[in-house]
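See structure below.
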Amino acid sequence: MKKIICIIAVLAIFILPYNISALGTSARAAILINGDTGEVIYEQNADEQLPMASTTKIMTALLLCENGDFDREITVTAEMLRVEGSSMGLLAGDTVTLHDLLYGLLLASGNDAANVVAYVLGGTVDGFAKLMNKKAQELGLANTHFVTPSGLDAEGHFTTARDLATLARYAMQNDYFAEAAATQKATLEYGNPPYKRSLTNHNKLLKTFDGAVGVKTGFTKRSGRCLVSAAKRDGKYVIAVTLHDPNDWDDHSSMLEYGLSKLEITEIKPENNCCKIPVVGGKTSDLMIEVEPLSVCFLDASRLSCEINLPQFVYAPINKGDVIGTAVYKNGDTVIETKSLTAQSEITAAVYKKSLLEGLKENIKYIFINIWEK
């Protein structure tokens, strides 16, 4: 009996920790990050340069959102449509708005939409690729290079799981992009003459995963199945990326669930959430400032802090809502958010019956006593 117990104990040591913590995928490369902070929760060959198929359209759509007038109407030319593969159904002579092109990119994964955007914003496909690579450089995507706006295979067209997660996190901060990426079905109007038609999002996680909010699918024979997904639930936000993954839907469901379970919501607050500041020349001698805690979602909360910046004293009169200082919420040396600290009440100026000199002496004495006590 003792031998059996020993064997079970040994198995528990070697097997249980692995089962509890392990997260694997069928992908060539993968990464899972905290969507709010960029913290890496899980990674697998995350820096290997690989083709990324139509997940490329994240960059194409981002540039459209940042540089396009959504109401602008474009007349499609035959030159713009010299591209194969998935399509939103554009024909030469069609009229389409940039708004509808955005949804054609992210829902139907239209290569035709990508090419039209390239010609509109970059003049040519090559010209647009330069804009894509410029933006990649700005975002610090050191292992990414774009050649096509659609993601069709091309020599020198590649990214990494890590870079793609960084790009997706940035793009999802754009409200127009995020709204389109989370849309399951859209009714648009384009054509010659324009007529209504419906596009359905290729990202089936929007239907099958609780809290899914995007982002983009992709596939070519060379790249295999590529997927960037994102989910928000109970104040938590995660982004997952897989490249060359034959089992991407199941892998992403597992990754997103794992990430959401690992994150914890934490409040960042100072040691004292109420601060007292001396008031010079007021009917009230002190001003109370309250510091609200900031709720954040971090994998590691050990380096979170709140730095309070307030003057040593203030002069009356003070109006309710006057900005007195700031609260700086940090993760290590990185600023997460800065909030203004305001007066919660009004303090009127005191009317002195004593001489001006006597009043000034009392104020100076009061200031020095308060500073000395601190």
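What pairs come out if I take residues in the range 60-84 that are assigned by TED's automatic domain parsing to the domain that holds residue 191 and pair them with residues that are assigned to a strand (DSSP E or B) whose C-beta lies under 6 Å away, six or more apart or interchain? Pairs found: 73/95; 73/97; 74/96; 75/95. Contact map, the range 213-233: residues that are assigned to a strand (DSSP E or B) paired with residues that are aromatic (Phe, Trp, Tyr), Cβ distance under 7 Å, separation 6+ or inter-chain. Pairs shown: 225/219; 226/219; 231/209. Hey, could you check the range 234-278 for residues that are charged (D, E, K, R) and assigned to a loop (DSSP other than H, G, I, E, B) and say which is surrounded by the fewest Cβ atoms within 10 Å (Cβ to Cβ)? My answer is 271.
The rows are residues; the columns are (1) in contact (Cβ under 8 Å) with a residue 12 or more places away in the chain; (2) in the same structural domain as residue 39 (by TED's automatic domain parsing); (3) farther than 30 Å from residue 210 by Cα.
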{"site": "256", "(1), (2), (3)": "yes, yes, no"}
{"site": "279", "(1), (2), (3)": "yes, no, yes"}
{"site": "295", "(1), (2), (3)": "yes, no, no"}
{"site": "307", "(1), (2), (3)": "yes, no, yes"}
{"site": "313", "(1), (2), (3)": "yes, no, yes"}
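The criterion of being in contact with a helix residue (DSSP H, G or I) (Cβ under 6 Å, 6 or more places away or on another chain) and surrounded by 14 or more Cβ atoms within 10 Å (Cβ to Cβ) does not hold for residue 291. Determine whether residue 198 is out of contact with any helix residue (DSSP H, G or I) (no Cβ under 9 Å at 6 or more places or on another chain) and without any contact (Cβ under 8 Å) to a residue 24 or more places away in the chain. Yes.
Beta carbons closer than 8 Å, at least 6 apart along the sequence or on distinct chains, pair a first residue in the range 156-182 that is in a helix (DSSP H, G or I) with a second that is charged (D, E, K, R) for 161/43; 161/47; 161/48; 162/43; 162/47; 168/216; 181/216. Looking across the range 8-60, just one residue is in a loop (DSSP other than H, G, I, E, B), modelled with pLDDT of 95 or more and in contact with a Cys (Cβ under 7 Å, 6 or more places away or on another chain), and that is 52.
Each residue in the range 242-256 was checked for being in contact with a Lys or Arg (Cβ under 8 Å, 6 or more places away or on another chain) and aliphatic (A, V, I, L, M), and 1 pass.
Taking the range 61-90 as the range and being over 22 Å from the mean Cα position of the chain (by Cα) and either part of a helix (DSSP H, G or I) or among the polar types (S, T, N, Q) (or both) as the test, the residues that pass are 75, 77, 79, 80, 81, 86, 87.
When you scan the range 291-299, do you find a residue that is under 24 Å from the mean Cα position of the chain (by Cα) and more than 30 Å from residue 32 (Cα to Cα), even just one?
Within the range 291-299, the subset under 24 Å from the mean Cα position of the chain (by Cα) is 292-299.
Checking the rest, the ones that are also more than 30 Å from residue 32 (Cα to Cα) come to 292.
There is at least one residue in the range 291-299 that is under 24 Å from the mean Cα position of the chain (by Cα) and more than 30 Å from residue 32 (Cα to Cα).
The values are calculated or read from the model by the stated rules, or taken from the named source; none is laboratory data. Fair warning: this is a prediction, and the values are worked out from it, not measured in the lab. We place every Cβ from the backbone using ideal geometry, glycine too, and count neighbours over all the protein chains shown.
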